[in-house]
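Reviewing the structure listed below.
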């Protein structure tokens, strides 16, 4: 008996959809075993996760609150992935975006309500865009690996934010604690009812729609696909890969930066150094699972929202330790990523004939 | 006459009090795991003490809740489960606590180490700088190089106060003592704490103090054959030879009090900042490594503190530039102490400056 | 002799939407050369993948010495005596011939008995009468000799069936002849060989039998003596008429593009073109002959505007355009059929429709402001697929699932679709079957009517002799000379390809 692994020539749409779902079910079964070992009834636990994350207005709103920064960063990473640019720096770009938005909100002197939010977004996009474009330019000019540059720039961005909130941007009335002053009311995105859901969510959806049109319907999206699929063919067709690399990285960073804007303006209402629990890193997985499609990013982000919120529900209701929640989330990811492999490869068991072959 | 009045008053008050009495269901939100042997462990000891009270029906906890906006979801989750006393034990929970409290006006919220209060959100903290001062005295006496090391988490007033008190304590017995500070920018990261401690040991420091949630500093000092101070709770096992003592928290004192008030219906949101006289903070047991004469000196000073005859920030105090910040004969007001953002003379280290 | 070594019975292999192999049967006997003939998309590559263990067939049996076997992987196939010689050699250039051969032996003992192994390899080499020193580093050898090593690597593993996929594509005619001698000796020693080629001359010279594949089915197996070139072509193409084509020159007296003293380096900084001069006349087909790696690729890239020359200039109708040319400003007038069609000519995961507008996606015809005109792109594909008879599969199929020949048709359709003034075609019929190659030739020749000049770079002398108005021969980045195909011989060109100036 031998395992034969072959790359699939093509996949049907149904197969593409069913494999991840099947793997999801498998993951839930494995986690259920852990739950039983922890003395928790898995059916009740899953029911509670569902109710907490989707069943109540508040739970649903929390799921969307989690999904929002993932959509922004996921879109950014997805865009770069389309061109085979591995932007691992969405976290840093998020922080630079938060920094840009905060500067406009607190220190720019803008008071106009109409200008405030747009200027915060623009500033966030400029800073986040430049942050990513640094890696793009180094890649285009000197063929420096963008994975390393974007990854390392994450730490620098987080360091800059830390430096500012512990130093110059500290709230003078905040007893020296490391955070900026609260944003003025016109720099805060409106929230709905008694939830934390803010209008940044709609902005993320609109952007996803725009990005979908751009990547699927325009000449620009076409160029991106050609470059991503075969850079040599793109060059052969007269496309300028270098300038596109810098531009796409800029856009990628600008999108991720909007997650930072949405966090400070919609959720935290000030800048501090723990505004993201790693959205920018999760975004890499989001973009990958979304198969680099804008619509996919929205769906996967929503799913991750459920996982985050549901994990907290398990923590609160069943007092499961943090490490268990990590196991739960890790399992889901592991199985989903594994499903990608099965979508792309065919694995068959080959039975050797009974009669030995004389050689 | 007075007695009668009191009895009447008590008689009138009694039925009301009985009527207002409620069973306490408390929930604690922790930033780290309960097994961190530091900050969260100390709070959890306090929780256990509170749980022993007869009217405390439930005292649960949720550990390792990341600081920041998303903590709101966890805090709201426990509030929805019917807990009537919710205690959030890290500075980063301040905004989420205030935000969730808005939706649960009948629940008492207590937030540790912050500064925002609301009708149902109180803050609480203890003057850990008092035992810090005492530990500084020990360090000042024990050191041979006159260079003390301090592994510090974040440049915020809470930590800065501790460093200054430690330095002043040391200088009070050894004018030549200086304190070198290394920032780790983390509350809990044994690896980072350890290398910070090692870097201090490599520049002549022979007594280390720390403001961290893990005992890594003690282990590094023990390995190098130097002395070290703990923090949060007594930590003798982490340094059989070099461990001196630790400024410790006894949160149970405060939590029992808060639970009692909630039980009686007398709880009011306030900004509580308790001192060594209440027992919320203290100096843990001094080990055999502390000479007896030093022990006597420190014990005497502790008594003065409890009696209220000695203040740990008593002038003259100069800042690093040599400018007098507390004149001779004055003590630093609480308000000033709460936002302390400078080091005193003799501390070698820097704090990022605020934009004017 | 009649006992089959290997027999395939009713092999079927289906890919989603395509039946690549449909009830294919063939057999190979010891000591014979079986040629596999078929149009592109007929299933040759799939069949070879099944034989070398890359694909498992959906149904059908593989019998080895009369016993059914499963081939789970190339290594498994090899262990059963079936080996494939790839077009791309897998050799370590700095190692000696012997070391490269030893690398192929997988059941070596821990203690290497070099002497014994060397004796064994030397025996094979001398047995076959090869001129090969086992201690020479591989990089010093010619391409033809390197190919021998690939074959010896299989022989030392007791491979009894050798599969050679277009082995002469990379060889000079002289080297090809030596290879044929080698293969004939192997056959005499009892080895079986499956030989894949499109060059009729080679098929006629080597084959004992020929199995013809058509649309995934094995249509006929004929024995030497029972066929001639036209019969094979008929079997392969079927009832359709073999395209006949006679050369009509459209060459005009005016020079379209001329290159003057061009020098160019490759990515590694090695000189590829050295003081190179060439004039291309409007309407003519200018053939370029040369052994692979003598600067043809650089010439193609410089003329296609993909590489900037470091010296010299390019003139378009006597106007110096060197600078703009290097910046790709003349892209719209240059058609380019690249050498490596899969690696450079297409975006494999994009659809056929999308690949057909790779050069013209920005033209107003296919683009409105920033939005693509999907209908126009689709319609264009329909027209081109029909005009060039591209077997493109269902609408929306990715171009990578197409056979090599059909991919080439996509590229040619696209490049001629922009109505270029200059066409640069590198090895445009490499790997194409006779029908497709003839089609490509007629298309190129016909496009000359409009005055389009063609630079045809090829290693197939028959093709160059048949299609070109003039043939330029290159050696080590320089032009050796230009000959008139009607007045020269294969031997003459062969000598020039080896660097000897024409007499």
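The values are calculated or read from the model by the stated rules, or taken from the named source; none is laboratory data. It should be emphasised that the depicted structure is a prediction, and the values quoted were computed from it without experimental measurement. Neighbour counts run over all protein chains shown; Cβ positions are idealised from the backbone, glycine included.
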*Any idea which residue in region A:138-151 is farthest from the other protein chains (Cβ to nearest Cβ), counting only those that are surrounded by fewer than 19 Cβ atoms within 10 Å (Cβ to Cβ) and either outside any helix (DSSP H, G or I) or in contact (Cβ under 8 Å) with a residue 40 or more places away in the chain (or both)?*
A:147
*Starting from residues that are assigned to a loop (DSSP other than H, G, I, E, B) and touching a strand residue (DSSP E or B) at 6+ places or on another chain (Cβ under 6 Å), keep the ones in region C:66-79 and report whichever is farthest from residue C:8 (Cα to Cα).*
C:72
_Which numbered condition in (1) in contact with a helix residue (DSSP H, G or I) (Cβ under 7 Å, 6 or more places away or on another chain); (2) modelled with pLDDT of 85 or more is the only one that residue C:382 fails?_
(1)
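Looking at C:31, C:60, which is the one that is touching a strand residue (DSSP E or B) at 6+ places or on another chain (Cβ under 6 Å) and either away from chain A (no Cβ under 12 Å) or within 28 Å of residue C:181 (Cβ to Cβ) (or both)? Spell out how you get there, then give the answer.
On the way: C:31 fails: touching a strand residue (DSSP E or B) at 6+ places or on another chain (Cβ under 6 Å).
When all the criteria are applied, what remains is C:60.
Within region C:34-57, which residues are part of a loop (DSSP other than H, G, I, E, B), on the phi < 0 side of the Ramachandran plot and more than 14 Å from chain A (Cβ to nearest Cβ)?
Keep residues of region C:34-57 that are part of a loop (DSSP other than H, G, I, E, B), which gives C:39-43, C:52-57.
This time we only want the ones that are on the phi < 0 side of the Ramachandran plot, so: C:39-40, C:42, C:52, C:54-57.
Of everything in region C:34-57, those that are part of a loop (DSSP other than H, G, I, E, B), on the phi < 0 side of the Ramachandran plot and more than 14 Å from chain A (Cβ to nearest Cβ) turn out to be C:39, C:40, C:42.
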_Residues of region A:206-226 classified as under 16 Å from residue C:369 (Cβ atoms), within 7 Å of chain C (Cβ to nearest Cβ) and either out of contact with any strand residue (DSSP E or B) (no Cβ under 7 Å at 6 or more places or on another chain) or not in a helix (DSSP H, G or I) (or both), total_ = 2
_Unique residue being modelled with pLDDT under 95, more than 14 Å from residue B:134 (Cβ to Cβ) and under 16 Å from the mean Cα position of the chain (by Cα) when the list is B:187, B:183_ = B:187
*Can you pull out the residues in region B:189-236 that are without any contact (Cβ under 8 Å) to a residue 40 or more places away in the chain and more than 24 Å from residue B:31 (Cα to Cα)?*
B:198, B:199, B:202, B:220, B:221, B:222, B:223, B:224, B:225, B:226, B:228
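Out of C:71, C:64, which single residue is free of Cβ contacts under 8 Å to residues at least 24 places away in the same chain and crowded, with 17+ Cβ neighbours inside 10 Å?
So the residue among C:71, C:64 that is free of Cβ contacts under 8 Å to residues at least 24 places away in the same chain and crowded, with 17+ Cβ neighbours inside 10 Å is C:71.
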*Here are B:295, B:318: which of them is surrounded by 14 or more Cβ atoms within 10 Å (Cβ to Cβ) and in a helix (DSSP H, G or I)?*
B:295
*Quick one: in region B:45-61, of everything that is crowded, with 19+ Cβ neighbours inside 10 Å and in a strand (DSSP E or B), which residue is nearest to the other protein chains (Cβ to nearest Cβ)?*
B:61
*For residue B:64, work out the one condition from (1) within 12 Å of another protein chain (Cβ to nearest Cβ); (2) more than 24 Å from the chain's Cα centre (by Cα) it doesn't fulfil.*
(2)
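Condition check ((1) over 28 Å from the mean Cα position of the chain (by Cα); (2) touching a residue at least 40 places away in the same chain (Cβ under 8 Å); (3) not in a helix (DSSP H, G or I)) across all residues:
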{"position": "C:336", "(1), (2), (3)": "no, yes, yes"}
{"position": "C:348", "(1), (2), (3)": "no, yes, yes"}
{"position": "C:358", "(1), (2), (3)": "no, yes, yes"}
{"position": "C:361", "(1), (2), (3)": "yes, no, yes"}
{"position": "C:375", "(1), (2), (3)": "yes, no, no"}
*asked:* What's the number of the only condition in (1) assigned to a helix (DSSP H, G or I); (2) surrounded by fewer than 19 Cβ atoms within 10 Å (Cβ to Cβ); (3) at the interface with chain A (Cβ under 7 Å from one of its Cβ atoms) that residue C:342 fails to meet?
replied: (3)
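May I ask you to verify whether residue B:286 is closer than 26 Å to residue B:229 by Cα, in a loop (DSSP other than H, G, I, E, B) and away from chain A (no Cβ under 14 Å)? Walk me through it before giving the result.
On the way: closer than 26 Å to residue B:229 by Cα: yes; in a loop (DSSP other than H, G, I, E, B): yes; away from chain A (no Cβ under 14 Å): yes.
Judged against the criteria, residue B:286 is a match.
Select, from C:122, C:56, the only residue that is surrounded by fewer than 21 Cβ atoms within 10 Å (Cβ to Cβ), closer than 20 Å to residue C:159 by Cα and in contact (Cβ under 8 Å) with a residue 12 or more places away in the chain. Break it down stepwise before answering.
Values: C:56 fails: closer than 20 Å to residue C:159 by Cα.
Selected residue: C:122, the only one of C:122, C:56 that is surrounded by fewer than 21 Cβ atoms within 10 Å (Cβ to Cβ), closer than 20 Å to residue C:159 by Cα and in contact (Cβ under 8 Å) with a residue 12 or more places away in the chain.
Among the residues of region A:323-347, which ones are within 13 Å of chain B (Cβ to nearest Cβ) and surrounded by 17 or more Cβ atoms within 10 Å (Cβ to Cβ)? Spell out how you get there, then give the answer.
Filtering region A:323-347 down to residues within 13 Å of chain B (Cβ to nearest Cβ) leaves A:323-326.
Hits for region A:323-347 are A:324, A:325.
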_Positions within region A:237-266 being in a helix (DSSP H, G or I) and surrounded by fewer than 24 Cβ atoms within 10 Å (Cβ to Cβ), in sequence order_ = A:241, A:242, A:243, A:244, A:246, A:247, A:250, A:251, A:266
*asked:* Looking for something within 25 Å of the chain's Cα centre (by Cα), farther than 23 Å from residue C:498 by Cα, at pLDDT below 90 and within 14 Å of chain A (Cβ to nearest Cβ) - is there at least one such residue anywhere in region C:288-300?
replied: no
*Selection from region A:165-200 of residues that are under 30 Å from residue A:79 (Cα atoms), buried (at least 20 other Cβ atoms within 10 Å of the Cβ) and more than 9 Å from chain B (Cβ to nearest Cβ)*: A:187, A:188, A:189, A:197, A:198, A:200
*Take region C:414-435 and flag every residue that is closer than 13 Å to residue C:337 by Cα and buried (at least 22 other Cβ atoms within 10 Å of the Cβ).*
C:414, C:415, C:420, C:423, C:424, C:425, C:426, C:427, C:428, C:429
*Among the residues of region B:89-120 satisfying the criterion of being over 26 Å from residue A:166 (Cβ atoms) and assigned to a helix (DSSP H, G or I), which is farthest from the other protein chains (Cβ to nearest Cβ)?*
B:101
*asked:* Looking at B:305, B:286 in this structure, which one is out of contact with any strand residue (DSSP E or B) (no Cβ under 6 Å at 6 or more places or on another chain) and farther than 17 Å from residue B:244 by Cα?
replied: B:305
_If I go through region A:60-90 residue by residue, how many of them are within 23 Å of residue A:224 (Cβ to Cβ) and part of a helix (DSSP H, G or I)?_
14
